Amino acid sequence: MGLPFGKFTSRTLLAALLSIQSFGRIEAQTVTVRENNVPIQQVLNSLRKQYGLDILGDITLVRNAKKVSINMVDKPIEQVLKKLAAGQSFELELDQKTILVKPENGIISQKTKRSIESSDMQQRYYNLVGTVTDEGGNVLAGVTVKLLNSTNWASVTSDDGSYSVQVVEDGEVQFSMVGYESQIIKVAGRNHINVRLKRADNVMDEAVVTGYGTRKRESFTGATTTVTRQDLEKFNNRNIFSIIQSLDPAFKIAINNEQGSNPNALPEITIRGTNMVGEYAVNAPLVIMDGFESSMQRVYDLDVNRIESITLLKDASATALYGSRGGNGVLVIETRLPKDGKFTVGYDIRSSSSFVDLSDYSLMNSFQKLEYEKLVGVYDNANLPMQSKLIAIYESKYLDAASGVNTDWLFQPVQSKTSFDHSVRVEGGNDRVRYSIDGSYGDTKGVIKESGRQRSGAGFNLMYRVPQKFTFRNHASFQSSKAYESPYGDFSTYAQMNPYYRIHDGSGNLIKVYNLELAQLVGGSDGPSLAVMEYNPLYDAQLPYLNERKDINILNNLSLEWYPIQSLQITANANVNKSISKYESFTSPNHSQYYGETDPTIKGAYTQDNSDGFGYSGNMRINYAQTFGKNVLNAMILGEISGRTFSSVNFAVTGYTDDDFISPRMATKYSDNLPIYVNSNDRLVGSLLNLNYTYDGRLVLEGTLRRDGSSKFGENKRFTGYWSTGVAYNLHREKFIEQTKIVDLFRVFGNYGISGSESFSKNMTATAYTIPSDGTYVNQGSLRYESEGNPDLRWPKIYSLSGGIEVGLWNNVLNLRFNAYSKKTTNMVSTIKVAPSIGLNGQNYYENLGEVVNKGFEGYANIKVLNLPEHGMSLYLNGSAAYNVNRLSKISEELKQLNELTDQEKESGSSRPISQKPYYQEGESLSTLRGVRSLGIDPASGRELFVDLDGNKTFIYNADDIQIIGVTDPKLFGGFGASFNYYRLSVSAFFNYSIGADTYNSTLVGKVENADPHDNVDTRVWSDRWKNPGDRVMFKDIRNTETTKLSSRFVQKESYFHLSSINVNYDVTGKWIDRYKIQRLQLNFSTNDLFKLSTVKMERGTGYPFARTFNFGLSIQY
């Protein structure tokens, strides 16, 4: 009998929670104090340091208090405070982690008044009271309330949001809390003031998370963007990458026109342009999660509710911290830490309804298609008996169309589906011990039937801290995903199906083959023409099928922080992780791809790929911070080590007699080779020194030195150095600017440095051997020489120069940012071809060659258009713009070889269409389009008129006249949006745009001019192609079946406007909320990719369609 794992696990977790919670309560209730005839201030300071408490209130009362003697062991802290305050002129009260010093009965004693008067404080003090809430009317506990220009008068709000603070009639009181905009309010003699704080979503972030610690923005010398948990909640979208792109255009997701909304397609991401090109180019940013390197796939599958913040590091002042890995930018993700306080339970559910978007398709109906086929001569033949048979086939199809057959094939494989994501989190503890447990599950259904992605995860966090002395943290997590692809196949197949095809025959069975009679006529004695015959993809879809990938990741992070003295922090971090992956695919032997195949050992296929990885990493860093008058010095020294072992086994088998059982044991042979086994081990060590100096809060100087050594580096180049230097100046700290009371922030910065990018494997630096399929040579074990390593190979280096300015005006009513940069990548990894006589396998080896330059800028603006806190109303507008241009400044040998392969397709007599392929030309952009210059279609003849390289007009296409005809980089791109708040309701919308990019319209080429008359085609074939002399149209003679080659006629200037998301959030309040002990209840709605307006009409989502998504969510916390 198996172990009841679910019940056993739940009971164990519950027992652990209760034990931790009980332990936390014991720690929170008792303290020990032994003092004899000492100032009370000394006792309070001892409590503050020992138990991590804050002290707020009238400190003058404490300074002038009588000395005390106290001896209390393991007593509640409330009793200790009451004992200390006995006989004094004040009261001591504990509010969470803060000791409040209050005048006795709220009245200032005569002694205190005399003390105030002796301190030249002649104004009359009295108690100001009120309540602090957020925009939704929810009370806020823990808000600091402080009388400005006084070091004595401060308070914090209690659990019900109320406060009481000593003020003067003409004073100003500041209300502040982390995560909210601070407010300064004039007292004006009032006794009662209620305050409403707004979340600091639209204010520039005060801190920068680098993955190696946290910096104040004012002491940072680079450009960053931070996405907070509040931002993530506002978007209500599990796609983390699209959220970042909406907030920062420097983070760019390549539009995948083939895979569309496929939930299993990981996005291609770049930050500030493409740094490298070629077969081994890597342009994706480095991902750091909780201080350790992670993968894009793990972030893609991560439960968004686990994230506390995301920081995008873009320039050398931060990326140099990561040396050989950080050159493409760094994405730093911090997950949520447990909160102290009472035990809480939170649950989130999100439903996502997806609807396929086929608005960019415009295909012919049955009658249009038959008329087109007739016009281009599909049913014409000089042989009269053949002609009569072709006419009969046409008439049969026409009768079907006349009877109402007009199949919309595009809607056959798609579905509108609702998916659900669930997330639960429990947490609690006290100032010393905190814990949290979270879990998530979601099954994202794709818009193609039977496709989707399942995700699940769980985590356990435990923290123990002795304030200002020691902190221990351990985080264990489990994450899994299952990607399953659809048996319905590629969407482009359905776009080709003719509308006059019936799906089922007269008996209700799926038709397997179409156009068989026509294919037999065209093929003649050679058998049916496969080019004419078409297969029903719905028949294939109902066959047994398998195409799925399962991934499991298990990791544990351990962190220890020790503060031996106030200015010194020593931190040790360690990580171990395990990854398991399995991929399986099966194609039935009855699939249409085997139509006509007579060899049974080829029919049917099964593939399996199993991989296993284990990694470890650790680092120790020492942080030193010291203030010398107006000088502040921060220093960090770090040592780091990491390693990973990876192995995989994959094989493919064929030869299935039936598809009743999906198992490799039912196959008859391996398809090509015996199972392939791969094993690799990688190790990296690094050291880091970072110095940061600040003078008077104004001038900031920073420098970083990093040295990395890797087993992937060439044997003669094991270690490589990286560095950066930066400077910033906080002009708003200057007195002449402070006096204007207009400028809140005025910061300029610049930096320069070198970082690297991982872009090759060990076989490039070490000579590799493989075991051949037979495994023996003369009855002995053998190895096959596979590749030649280059011991001098180095990782690419990226030189980055960046500068920027940040401005905040009129109490942050207007915030502006502008960044400019220039980057140069050198030592790109390239394949070098050599003569066969040298004896290298494949006649190639690897070398560092080629340079790429990127230049650009980014601008951001945020404006508070409306702010009426008394009416709970505010309106913000934001916008961003970016520009990037790249250039290949030095071409590599590999890129020359790629150009040669492209040039081989330039034969004028070739019947194949020449596709747009990368062509790398020194001094030109990496994003060029190439073709022959065209003047358009001659109205008299319907032929295309070209311009050769000498400027002569000609009807003859010559591939030697191919030149650059466009660049796909836009002139400007970015986003803009608006956020409106009214009490507990918030509404926001975000748009993306792109202006002035050249695009090669593949729909016009493939489905208008090179249209196959046996497939369905774009309606523009009929409406926009030349038919008669005098027609002024864009496309050539409809009867002309010659292949259209690369032509400037298909280059179109594209600008688009895309509604990325609309988000609506509402915080529910009411007496019934309190009755059921609900701390927070939020409802949200959002929609993604609602529409896209473009100047170019081209089919999108050709392999997997795009979709519009509508999300509904509920978040509840007890």
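The values are calculated or read from the model by the stated rules, or taken from the named source; none is laboratory data. All of these numbers come straight from a predicted model, not from anything done at the bench. A quick note on method: Cβ atoms are made from the backbone with ideal geometry, for glycine too, and the neighbour counts reach across all protein chains shown.
A compact table of results
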read-out: Pairs, first within 15 Å of residue 789 (Cα to Cα) in region 705-720, second surrounded by fewer than 20 Cβ atoms within 10 Å (Cβ to Cβ) and of a type in the set (Asp, Glu), C-beta under 7 Å, six or more apart; value: 711/682; 712/682; 714/792; 716/792; 717/792
read-out: Residue in region 182-198 that is modelled with the lowest pLDDT, counting only those that are part of a loop (DSSP other than H, G, I, E, B) and over 12 Å from residue 869 (Cα atoms); value: 182
read-out: Candidates 545, 563, 595, 539 - the one that is crowded, with 16+ Cβ neighbours inside 10 Å, more than 21 Å from residue 673 (Cα to Cα) and in contact (Cβ under 8 Å) with a residue 60 or more places away in the chain; value: 563
read-out: Matching strands (runs of 3 or more DSSP E) fully within region 970-1077 where at least 1 residues are touching a Leu at 6+ places or on another chain (Cβ under 6 Å) and small (Gly, Ala, Ser); value: 972-982
read-out: Close pairs (7 angstrom Cβ cut-off, 6 or more residues apart or separate chains): without any contact (Cβ under 8 Å) to a residue 60 or more places away in the chain in region 962-976, of a type in the set (Asp, Glu) anywhere; value: 964/924; 967/998; 968/998
read-out: Among residues of region 411-458, those that are of a type in the set (Asp, Glu) and more than 19 Å from residue 1106 (Cα to Cα), counted; value: 4
read-out: Residue that is farthest from residue 133 (Cα to Cα), among those in region 949-969 that are part of a loop (DSSP other than H, G, I, E, B) and within 33 Å of the chain's Cα centre (by Cα); value: 968
read-out: Enumeration of residues in region 466-484 that are modelled with pLDDT under 95, among the hydrophobic types (A, V, I, L, M, F, W, C) and either loosely packed, with under 15 Cβ neighbours inside 10 Å or closer than 17 Å to residue 307 by Cα (or both); value: 470
read-out: Filtered residues of region 376-387 (kept if surrounded by 13 or more Cβ atoms within 10 Å (Cβ to Cβ), over 50 Å from the mean Cα position of the chain (by Cα) and either assigned to a helix (DSSP H, G or I) or touching a residue at least 12 places away in the same chain (Cβ under 8 Å) (or both)); value: 379, 386, 387
read-out: Of residues in region 446-465 being farther than 19 Å from residue 348 by Cβ and in contact with a Gly (Cβ under 8 Å, 6 or more places away or on another chain), the one surrounded by the most Cβ atoms within 10 Å (Cβ to Cβ); value: 446
read-out: Selection status of residue 8, under 23 Å from residue 470 (Cα atoms), assigned to a helix (DSSP H, G or I) and modelled with pLDDT under 75; value: no
read-out: Scope region 347-364; condition over 28 Å from residue 1004 (Cα atoms) and among the hydrophobic types (A, V, I, L, M, F, W, C); matching residues; value: 349
read-out: All strands (runs of 3 or more DSSP E) inside region 21-94 with 3 or more residues being modelled with pLDDT under 70 and within 29 Å of residue 147 (Cα to Cα); value: 54-57
read-out: Sole exception among (1) touching a residue at least 40 places away in the same chain (Cβ under 8 Å); (2) under 30 Å from residue 715 (Cβ atoms); (3) not small (Gly, Ala, Ser) for residue 653, by number; value: (2)
read-out: In region 598-623, residue surrounded by the most Cβ atoms within 10 Å (Cβ to Cβ) [restricted to those that are hydrophobic (A, V, I, L, M, F, W, C) and either in contact with a His (Cβ under 6 Å, 6 or more places away or on another chain) or under 28 Å from residue 548 (Cβ atoms) (or both)]; value: 605
read-out: Filter pass, residue 363 being surrounded by fewer than 17 Cβ atoms within 10 Å (Cβ to Cβ) and either among the aliphatic types (A, V, I, L, M) or in contact with a Leu (Cβ under 6 Å, 6 or more places away or on another chain) (or both); value: no
read-out: Filter result for the condition that a residue is hydrophobic (A, V, I, L, M, F, W, C), at pLDDT below 80 and either in a strand (DSSP E or B) or closer than 30 Å to residue 701 by Cβ (or both), over 805, 832, 798; value: 832
read-out: In region 642-674, residue farthest from residue 770 (Cα to Cα) [restricted to those that are surrounded by fewer than 14 Cβ atoms within 10 Å (Cβ to Cβ) and not hydroxyl-bearing (Ser, Thr, Tyr)]; value: 660
read-out: Filtered residues of region 861-870 (kept if within 28 Å of the chain's Cα centre (by Cα) and either touching a residue at least 60 places away in the same chain (Cβ under 8 Å) or under 13 Å from residue 973 (Cβ atoms) (or both)); value: 862, 864
read-out: Considering residues of region 419-439 that are among the hydrophobic types (A, V, I, L, M, F, W, C) and more than 21 Å from the chain's Cα centre (by Cα) only, the residue surrounded by the fewest Cβ atoms within 10 Å (Cβ to Cβ); value: 424
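Listed here are the residues, each with its yes/no results for (1) of a type in the set (D, E, K, R); (2) farther than 22 Å from residue 460 by Cβ.
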position: 279; (1), (2): yes, yes
position: 282; (1), (2): no, yes
position: 289; (1), (2): no, no
position: 295; (1), (2): no, no
position: 299; (1), (2): no, no
position: 315; (1), (2): yes, yes
position: 323; (1), (2): no, yes
position: 329; (1), (2): no, yes
